[in-house]
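Novice: Dumping the structure here so I can ask a few things about it.
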Amino acid sequence: MSLIELENIVKVYKFGEFEIRVLDNITVKIEKGEFVCIMGPSGSGKSTFMNIIGCLDTPTSGKYYLDGVDVSTFSLDQLAEIRNKKIGFVFQQFNLLPRATALENVELPLIYAGISAKKRKELALHILSKVGLSDRANHYPRQLSGGQQQRVAIARALVNSPSIILADEPTGNLDSKSSLEIMEIFKKLNEEQGFTTIIVTHEPDIAAFGKRQIRFLDGKIVCDSKVCPVDEKL
Amino acid sequence: MISITSIINIALRALRANAMRSFLAILGIIIGVGAVVTMIAIGSGASEKISKQISSIGSNLILVLPGATTQGGIRMGHGTQQTLTMADAEAIGRECSAVMAVAPAITGTAQVVFGNQNWATAIIGTTPEMVTVREWELLWGRFINEQDVRSGTKVAVIGQTVAEKLFGEVDPLGKIIRIKKIPFEVIGVLDKKGQSLTGQDQDDIIYVPITTAQRTLFGQTLPGRVRLIYVKASSLESIPQATEQIRTLLRQRHRIGPNQEDDFTVMDLTQMLKAAEESTKTMSILLGAIASVSLLVGGIGIMNIMLVSVTERTREIGIRMAVGAKPKDIRMQFLIESVFLTTIGGVFGLLLGIGASLAVSSLMDWPVSISLFSAIIAFGFSAFVGVFFGFYPAYKASNLNPIEALRYE
Ligand SMILES: Nc1ncnc2c1ncn2[C@@H]1O[C@H](COP(=O)(O)OP(=O)(O)O)[C@@H](O)[C@H]1O
Ligand SMILES: [Mg+2]
């Protein structure tokens, strides 16, 4: 049994009579502990794919088995619980709460997990130290660099010990030095602690971190292998 | 399950971040609750005043006055002003089963002197039953007794105002006062009753035996005639029966034919006051209802602020959902924010209401009464307004699609 199994996943957006198939019959399996990089041109359906895996979105049709459980029929509350317990999301825009400190941002998933304030602080501080931000715990996002903000976001994704880390263009807003630092963190987490990691990226040198690459085009998977050839058209 | 303290913390933080806006939203509730509390205080103050008057005149009191009543009110009757007699009073006491006590009275005003102090006051000649009928308490000494009435002794029972004006700090008991230059011994001092319905000071009074009043003080009065008769019915329910019995009896005694008008008037004071009490109650409900409109407007203000807040914080909502907030967690967060706003408004509104009531009371000399009831109303109402007007914005927030919320700029 794979950790993630997608079967004939279709996502359609309708505009009156006109419809677009953002995901067109996607079938894919991802095993526990894999490090996957998702590539493809803009609009090819990468984010939609990630959102469905992350239970932020639901497919129009098809089955999604997470840990062997069919979550495509789950209610909003059940999906929220999965996002809280099994998924850690990292976004291109960091998506930190501007009026909360780094520590409070990291605590956020634990609040919704119903963990006590004392335990929350303990856990959050521990994770912050792992991403090298112990001394920035009481800083607000605006007082942090882009790379530091993204590290806070990674800490937030990790804090509730999820089984999957999903990062949608996590380096898209960072300079190349910070990008590599962030990728090193993902790599280390994957190698040392076995977090299943899926990262969307445009950049070939970032994609090179992946041990498996999946390339999307027009809602379809056009390549799924150890290394996908760089598409000349892009 | 997310803990309630966490949700409250989140809500408080959000309110603090927008302090000015939160304050303005609260202001609407403060004014609304303040208005409701003030109006209830004014209204119930008025009805309490009337209730007090009811108990101060004596419960179940019926007045029998000489002269007929027409639809326009009381008109003095046929030639002679004084159609009621001592014998009428005795007959009412003897023959009307629904009557508990009867006290005839002769009234007048006179100058009263003690030492170098003098004071003009109401002098009432009456019988011992007056204490029962009017429910007077004696502070010191005793009231007029049967013996005083029989022998026409020159004794006086004085009200608080008279005691104050004539005696000041001196103990009035056993002292001799002069009413129309005739010496009277003070045998008792009445307890305070305060103002009557018409604003008269009920304590500015001296009671003397009715016989003494007839013979010595108001000599021109026809013998046996009385100015009015105070009657106490045996219960509130028996007032109509007592009234009817008195009318029938007096018509008989005065030999009034079937087509003739009464030459007396039976007034049911309790009933009149009850009616007045009812109408002030209605008025206070009406005032409260009008004031509630401002609370409603305040509630709409809260809803407006909450809707703005939800829109502004769309992205925050998306983030919270992405890390595992359930729709009900989001709904709770916004509901608590709005209830918090309105309850704060409720507390300060209550204070404002109390302040305004006291101001009205001292500036306009209007009795106000702030009760626990109105405090509870203020609280309950403001919390209710918070839930009611916070629900839609909170529902809207919880219904957001996480992906769209995250994409919101
Ligand atoms: N809520 C939506 N309504 C309509 N179309 C959408 C919506 N979300 C995404 N799309 C469309 O789906 C397609 C794929 O989007 P996305 O998955 O974000 O692509 P990528 O991340 O690969 O750039 C795009 O053409 C986009 O316009
Ligand atoms: Mg995308």
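The values are calculated or read from the model by the stated rules, or taken from the named source; none is laboratory data. Remember, it's a predicted structure, so these values are computed and weren't measured experimentally. Every residue, glycine among them, receives a Cβ derived from its backbone with ideal geometry; neighbour counts consider all protein chains shown. Only protein heavy atoms, including side chains, enter the accessible area calculation; ligands, DNA and RNA are left aside. Shrake-Rupley method; radii C 1.70, N 1.55, O 1.52, S 1.80 Å.
Novice: Evaluate 2.2 N^0.38 Å with N set to the residue count of chain B, then give the Cα radius of gyration divided by it.
Specialist: The value comes to 1.52.
Novice: For the stretch A:177-234, what is the largest minus smallest coordinate of the Cα atoms on each principal axis, given in angstrom and ordered from greatest to least?
Specialist: 34, 24, 17
Novice: Running Debye on the stretch B:261-400 with equal point scatterers at the Cα sites and no solvent, what base-10 log of I(q)/I(0) appears at q = 0.09, 0.15 Å⁻¹?
Specialist: Once normalised to I(0) and log-transformed, intensities are -0.45, -0.83.
Novice: Would you mind computing Rg(Cα) / (2.2 N^0.38 Å) for the protein assembly as shown, counting N as its residues?
Specialist: Dividing the Cα radius of gyration by 2.2 N^0.38 Å gives 1.72.
Novice: Please identify, among B:Gln147, B:Gln53, B:Gln160, the residue showing maximal mean-square fluctuation in a Gaussian network model of chain B using a 10 angstrom Cα cutoff.
Specialist: The residue that fluctuates most here is B:Gln147.
Novice: How would the stretch B:100-232 be classified by its alpha-carbon gyration tensor: rounded, prolate or oblate, with rounded meaning a/c under 1.5 and the a/b versus b/c comparison settling the rest?
Specialist: rounded
Novice: Check cross-link reach from B:Lys154 to the lysines: straight Cα distance under 28 Å, and skip same-chain residues fewer than eight apart.
Specialist: Straight-distance partners of B:Lys154: B:Lys165, B:Lys175, B:Lys180, B:Lys181, B:Lys192, B:Lys193, B:Lys232.
Novice: Under a 1.4 Å probe, what is the accessible area of the stretch B:100-232 per residue, stated in Å²?
Specialist: 45 Å²
Novice: For the stretch B:259-306, what are the per-bin percents of Cα-Cα distances with bins 10 Å wide, up to the bin holding the maximum?
Specialist: In order of increasing distance, the bins hold 21, 22, 19, 16, 11, 7, 4, 1 percent.
Novice: For chain B, which DSSP H helices look membrane-span-like by this rule: Cα extent along the axis of 30 Å or more and mean Kyte-Doolittle of at least 1.0?
Specialist: Span-like helices, by this rule, are B:19-57, B:269-312, B:327-363, B:372-398.
Novice: With springs connecting C-alpha atoms under 10 Å apart, model chain B as a Gaussian network and identify which of B:Ala46, B:Ala378, B:Ala91 has the largest mean-square fluctuation.
Specialist: Highest fluctuation among the options: B:Ala91.
Novice: Report the B-A buried area as the accessible area lost on both sides summed, probe 1.4 Å, in Å² to the nearest 100.
Specialist: Values: alone 20420 and 11580 Å², together 29830 Å².
Protein heavy atoms only, the B-A interface buries about 2200 Å².
Novice: How large is the Kirkwood hydrodynamic radius of chain A, counting all unique pairs of alpha carbons, in Å?
Specialist: For chain A, the Kirkwood estimate is 18.2 Å.
Novice: Then there's this: Exceeding 18 Å between C-alpha atoms, which entries from my cross-link table qualify? They are A:Lys121/A:Lys187; B:Lys326/B:Lys396; A:Lys14/B:Lys396; A:Lys11/A:Lys46; A:Lys32/A:Lys226; A:Lys29/A:Lys211. The partial results should precede the final answer.
Specialist: Working: A:Lys121/A:Lys187 26 Å; B:Lys326/B:Lys396 13 Å; A:Lys14/B:Lys396 24 Å; A:Lys11/A:Lys46 12 Å; A:Lys32/A:Lys226 16 Å; A:Lys29/A:Lys211 14 Å.
Correct reply: A:Lys121/A:Lys187; A:Lys14/B:Lys396.
Novice: Same structure, new question: Step by step: find N for the stretch B:301-351, compute 2.2 N^0.38 Å, then divide the Cα radius of gyration by it. What's the final number?
Specialist: Normalised Rg, Cα atoms only: 1.33.
Novice: So how tilted is helix A:146-158 from the main axis of chain A? Cα-based, degrees 0 to 90, rounded to 10.
Specialist: Taking the Cα atoms of chain A, the angle to A:146-158 is about 80 degrees.
Novice: Test of understanding: what is the full-extension gain from A:Arg142 to A:Glu203, defined as 0.36 nm times their sequence separation minus their Cα-Cα distance?
Specialist: Length difference between fully extended and current span is 19.3 nm.
Novice: Could you pull out which residues in the stretch B:303-322 have an amide N less than 20 Å from a spot 7 Å beyond the Cα of B:Glu404, following the Cα-Cβ vector?
Specialist: B:306-322
Novice: Per-residue ellipticity at 222 nm for chain A, helices alone: DSSP H runs ≥ 4 residues times -39500 (n - 2.57), over residue total, nearest 500 deg cm²/dmol?
Specialist: Numbers: 7 runs with 78 residues, N = 234.
After summing the helix terms and dividing by the residues of chain A, the value is -10000 deg cm²/dmol.
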